[in-house]
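Read-outs throughout are calculated quantities, based only on the coordinates presented, and are distinct from any laboratory measurement. Since we're looking at a predicted model, the values are computed, not measured. Cβ placement follows ideal geometry from the backbone for every residue including glycine, while neighbour counts extend to all protein chains displayed.
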Amino acid sequence: MKRVLIIGAGGHAQVVADILVRMHETGADLTPIGFLDDNPHLFGEWRLGLPILGPLASIDAVDHDAVVIGIGDNRTRRTIYERLAACGEQFIVARHPSAIVACDAVIGAGTVIAARAIVNAGAHIDVNVILNSGCIVEHHNRIGAHAHIAPGATLGGAVTVGEGALVGIGATVLPQRAVGAWSVVGGGAVVTSSVDNDLVVSGIPARPHLTPGLMPAQRRARVRV
C-alpha cells in the first residue's frame, strides 16, 4: 500500500485529499497519510481526517512512498514539482473514481484529475497538470506540464495548451486552437483563434486583456498566472 503525502493544505489540497480517499475506498493501492504546508499556524491541525504534519522541509522525516502536489498556483506548483523531482520523489496520479479517462490517454506523473472530468481518446497530459472538476479534454488534446484546466472548462478536439497555462472556469477553446505557455484564458471566455504565450484573454470571442495605460509590451511584462 503506497503511503501518499499531499503537498499543501489549502482548498485545492483538500480536494486532492478527497480524491485520494475516494481512490482508496474503491480499491486503489494507496492511502493518504497527511499534508505538508509551510504555514506554521496550520501545524497539528487536521483536514478531512488527515493531519498537517509540518513544513515541506520536513519531508524526509515522514515515512512515505509517493507525493502529489495540492497547490493551485501554476508557477508555485512547477517550482515545488521540480524541487521534489530533483530529490527523487515519486509522484502519483490522483484520479477521482468518477473521472472518465480514455484507455489510450497518456497521463503524466503528479497530475490531478478531479471529479467528473473527461479525458478523451488520444489525449496527452504532461506532468503536474490539474484537470479540475467537470472539465472536458477532448480527443487528441495536448496539455503542457503544470497547466490547469479549471472546473467546467471545455477543450475541443486537437487543442494544444502550453506549459503553465490556465484555462479558466467555464471557458471554451474551439477545436484545433492553441493556448500558449503561461497564458490565462478568463472564466467563461470562448477562444476562437489561437492565443500567444504570456497573454491574458477574456470575453466572447476571447481577446487580449489590456490594463488601462499599458502598451502591449508592458502588458506582457505584467502577466501573472
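Observations, loosely collected:
- Reported to the nearest whole Å, the Cα centre-to-centre distance from the range 1-40 to the range 95-170 is 20.
- Efficiency of FRET between Asp38 and Thr192 - r from beta-carbon atoms, R0 41 angstrom, step 0.05: 0.50
- Share of pairwise Cα-Cα distances greater than 29 Å in the chain is 28 percent (whole percent).
- The GNM of the chain, with springs linking C-alpha atoms under 10 angstrom apart, assigns the highest mean-square fluctuation among Ala145, Ala171, Ala121 to Ala121.
- Projecting the Cα atoms of Leu20, Asn132, Gly180 onto the charge dipole of the chain, computed from C-beta unit charges around the Cα centre, puts Gly180 farthest toward the positive end.
- Normalised by residue number, the volume inside the convex hull of the Cα atoms of the range 95-222 is 77 Å³ per residue.
- From least to most packed, judged by other beta carbons within 10 angstrom and beginning with the fewest, Val106, Val4, Val21 follow the order Val106, Val21, Val4.
- Charged-residue dipole, Cβ positions (Lys, Arg, Asp, Glu), the range 2-92 about Cα centre, Debye nearest 20: 220
- Largest mean-square fluctuation among Asp38, Asp126, Asp29, in a Gaussian network model of the chain whose springs join Cα atoms under 10 Å apart, belongs to Asp29.
- For the chain, the relative contact order works out to 11 percent when only alpha carbon pairs closer than 8 Å and six or more residues apart are counted.
- The charge dipole of the chain, taken about the Cα centre with unit charges on the Cβ atoms of Lys, Arg (+1) and Asp, Glu (-1), comes to about 760 debye, rounded to the nearest 20.
- GNM result for the chain, Cα springs below 10 Å: residue of Thr111, Thr31, Thr172 fluctuating most strongly: Thr31
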